[in-house]
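Here is the structure we will look at.
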2 protein chains.
Amino acid sequence: MRLLPQREAARAPAAEADELSAPFADRLAALTEERRSQVCLGLDPDPAGLPSDSVPDADGEAPAERAATAVVRRCRALIERAGPACVAVKPQLACFERLGAPGWRALEEVCAAAREAGLLVVADGKRGDVPVTARAYGQALVGETPTPWGPVSGLGADAFTANPLFGEDAVDALVEAARDAGAGVFLLVRTSNPGAAAIQDSALEGRPLHERLAELVAERASLLSGESGLSGMGAVVGATAPQHLGRLRELMPDSVFLVPGVGAQGGRPEDLGPALAPGRPASLLVAAARGIAGADDPGEAAERLRDTLWRLAA
Amino acid sequence: MRLLPQREAARAPAAEADELSAPFADRLAALTEERRSQVCLGLDPDPAGLPSDSVPDADGEAPAERAATAVVRRCRALIERAGPACVAVKPQLACFERLGAPGWRALEEVCAAAREAGLLVVADGKRGDVPVTARAYGQALVGETPTPWGPVSGLGADAFTANPLFGEDAVDALVEAARDAGAGVFLLVRTSNPGAAAIQDSALEGRPLHERLAELVAERASLLSGESGLSGMGAVVGATAPQHLGRLRELMPDSVFLVPGVGAQGGRPEDLGPALAPGRPASLLVAAARGIAGADDPGEAAERLRDTLWRLAA
């Protein structure tokens, strides 16, 4: 039984089907060329940092509801100011989940706002589980869930991040969900946190674990590749360990790299050249959250990052 | 700054504070002795399998709302029938998330129903991310989120599952959140799916990766240990590879093992003896979902599993 129908069948009128059914890699490549940008706006809203007068004092409204409203406004404002210099947004699911059901509704609204601004949505939840559960995550993020009362649409993300520790069968379940939806998957390969090295750089059967994870990505590249030759079977590769970028690009020649860790975490955009596939600027998608959201002028910060990156690609 | 106040301060009147502040391991040990059970009821509701007449035909109610209502009823019925033979429930977060905001509300209701039935709640989401994001997951699952409009309570789970691929700093952020809430953490060590072996049993620096992950658990056992000597710094260890159980118990002598994979996935409860810490039945918590929910008589299926396991512990 096929649980994950093509997204275009469920969501779009026939006239839009072609555009929506283009694989994520092709949609990203087209948008990257159009906007001359490889910037992904990270959305990690922290309600503790929002001004208390950012939502009106509605009688009896629960803190979660008010915080969710404030989070949507904050994200909308960021999208409005920084969005034109970006090609995608990356909402951090944890930051929304901590507000419960109102937080999940806020996440849906933020995704809709990003789409209206012409941006792709990368749902950042690092999900991973046994195959039957991985399929449920696929339904939640890029698919839909059949019910006796009609299908329930998931988040409608264009791509999502995933954790490969469960191994190939679990990864395959996620990739299949992505393929059916024309979506992309970014598998964790080498993360940006200081603690990553002790596990991910350790030798697994004689080579770094991150190279084994890169192999999982490369073996599946053809399943999510587009006409551009680029594959939406992507990898999360942190900017904080640039010494690995060249080797990882060698191992995953066609994959989009989603690169976190620039700015607050210490990674430098100038060091990301080796992450690029030659002649394909869309092979590099650089996520920046605090570096843009925390700037005095988020729009200008995003433009500066865009320009720095585009010079690498030129 | 302390972002995660003790749960009792935020949630409970003073009279209940002592009980709630007991570490997860002690609460589990007491309940295990009281019910003579080591069974954790897995809740993986699939709305596609629910009868369409299980919720009334309310005009204009969205499929997600109706499905969420049906899911709550289904889980409540399972808790009512199988709960008395169990000590905990393990809601599978993916199965709720796929219904969006109504699904998250359903999850909260199911957790409340489990607590009312005297059961502990293990939130099964296998979360893991860089430290700043791991803290947000901690807020979502066992803590609370400060906002200018007052704190927003998280799910209030007694424990949660987590993915250690990010390494020590990320794990520490989750463990700290758990400690502040008196909660437990089950770190993935050896999962139950067929694909697990190729990654988790491969040699990392000369020994299986799962042994390295077990070390991450053992090193933190004292942080979440209770008066019983048992530690809520636990491990997910699948029943489908029983050959590893003895060695893993040796490496993690005080940790609670959360064991999925019995029944539908092929693991046999009779094989789980080596997972037990001698004289401490609560060191083994066996999760069963389809094996109970799919039985003609879920109550009887749960009791049978309880009895089989208790004979191992005796």
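The values are calculated or read from the model by the stated rules, or taken from the named source; none is laboratory data. Since this is a predicted model, take the numbers as computed values, not measurements. Neighbour counts are summed over all protein chains in view; Cβ atoms, including those assigned to glycine, are modelled from backbone coordinates with ideal geometry.
For the stretch B:217-234, taking the residues that are touching a strand residue (DSSP E or B) at 6+ places or on another chain (Cβ under 6 Å) and within 14 Å of chain A (Cβ to nearest Cβ), the one that is surrounded by the most Cβ atoms within 10 Å (Cβ to Cβ) is identified as B:Val217.
Residues that are part of a loop (DSSP other than H, G, I, E, B), within 18 Å of B:Thr32 (Cα to Cα) and either within 14 Å of chain A (Cβ to nearest Cβ) or touching a helix residue (DSSP H, G or I) at 6+ places or on another chain (Cβ under 7 Å) (or both) occur at least once in the stretch B:271-282. Among the residues making up the stretch A:192-216, a single one is at pLDDT below 95 and either of a type in the set (Asp, Glu) or surrounded by 23 or more Cβ atoms within 10 Å (Cβ to Cβ) (or both): A:Glu205.
Among the residues of the stretch A:167-204, those identified as without any contact (Cβ under 8 Å) to a residue 40 or more places away in the chain and farther than 21 Å from A:Ala241 by Cβ are A:Gly167, A:Asp169. Hey, any hits in the stretch A:246-258 for a residue that's over 21 Å from A:Gly182 (Cα atoms), away from chain B (no Cβ under 14 Å) and touching a Leu at 6+ places or on another chain (Cβ under 8 Å)? Yes, some residue in the stretch A:246-258 is over 21 Å from A:Gly182 (Cα atoms), away from chain B (no Cβ under 14 Å) and touching a Leu at 6+ places or on another chain (Cβ under 8 Å). Scanning the stretch B:276-296 for residues that are closer than 21 Å to A:Val132 by Cβ and surrounded by fewer than 20 Cβ atoms within 10 Å (Cβ to Cβ) yields B:Arg290, B:Gly294, B:Ala295.
Scanning the stretch B:17-32 for residues that are part of a helix (DSSP H, G or I) and surrounded by 14 or more Cβ atoms within 10 Å (Cβ to Cβ) gives B:Ala17, B:Leu20, B:Ser21, B:Phe24, B:Ala25, B:Asp26, B:Arg27, B:Leu28, B:Ala29, B:Ala30, B:Leu31, B:Thr32. Restricting the search to strands (runs of 3 or more DSSP E) fully inside the stretch B:70-178 and requiring at least 1 residues that are more than 11 Å from chain A (Cβ to nearest Cβ) and of a type in the set (Lys, Arg) gives B:88-91.
Yes or no, residue by residue, for (1) in contact with a strand residue (DSSP E or B) (Cβ under 7 Å, 6 or more places away or on another chain); (2) surrounded by fewer than 24 Cβ atoms within 10 Å (Cβ to Cβ):
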site	(1), (2)
A:Lys90	yes, no
A:Phe96	no, no
A:Arg135	no, yes
A:Ala159	yes, no
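Residues of the stretch B:145-167 that are of a type outside the set (Ser, Thr, Tyr) and more than 21 Å from the chain's Cα centre (by Cα): B:Pro146, B:Pro148, B:Trp149, B:Gly150, B:Pro151, B:Val152. The set of residues from the stretch A:252-275 being surrounded by 20 or more Cβ atoms within 10 Å (Cβ to Cβ) and more than 30 Å from A:Arg73 (Cβ to Cβ) comprises A:Met252, A:Asp254, A:Ser255, A:Val256, A:Phe257, A:Leu272, A:Ala275. Is it the case that some residue within the stretch B:101-109 is surrounded by fewer than 24 Cβ atoms within 10 Å (Cβ to Cβ) and either acidic (Asp, Glu) or in contact (Cβ under 8 Å) with a residue 60 or more places away in the chain (or both)? Taking every residue of the stretch B:101-109 in turn, at least one turns out to be surrounded by fewer than 24 Cβ atoms within 10 Å (Cβ to Cβ) and either acidic (Asp, Glu) or in contact (Cβ under 8 Å) with a residue 60 or more places away in the chain (or both).
Just one of (1) in a loop (DSSP other than H, G, I, E, B); (2) under 17 Å from the mean Cα position of the chain (by Cα); (3) away from every other protein chain (no Cβ under 14 Å) fails for A:Ala239. It is (3).
Candidates in the stretch A:185-231 are the residues that are within 19 Å of A:Pro278 (Cβ to Cβ) and not in a helix (DSSP H, G or I); of these, the one that is nearest to the chain's Cα centre (by Cα) is A:Ser231. Taking the stretch A:31-49, which residues are touching a residue at least 24 places away in the same chain (Cβ under 8 Å) and out of contact with any Lys or Arg (no Cβ under 6 Å at 6 or more places or on another chain)? Within the stretch A:31-49, A:Leu31, A:Thr32, A:Glu33, A:Arg35, A:Arg36, A:Gln38, A:Leu41, A:Leu43, A:Asp44, A:Asp46, A:Pro47 meet the criteria. When we screen B:Arg247, B:Arg268 for residues that are basic (Lys, Arg) and either under 18 Å from B:Arg311 (Cβ atoms) or touching a residue at least 60 places away in the same chain (Cβ under 8 Å) (or both), the only hit is B:Arg268. Of everything listed in (1) more than 23 Å from A:Arg135 (Cα to Cα); (2) facing another protein chain (nearest Cβ under 8 Å), the single unmet condition for B:Pro51 is (1). Contact map, the stretch B:16-29: first residue farther than 14 Å from B:Gly184 by Cβ and modelled with pLDDT of 95 or more, second residue hydrophobic (A, V, I, L, M, F, W, C) and crowded, with 17+ Cβ neighbours inside 10 Å, Cβ cut-off under 8 Å, separation 6 or more or different chains; the map is empty.
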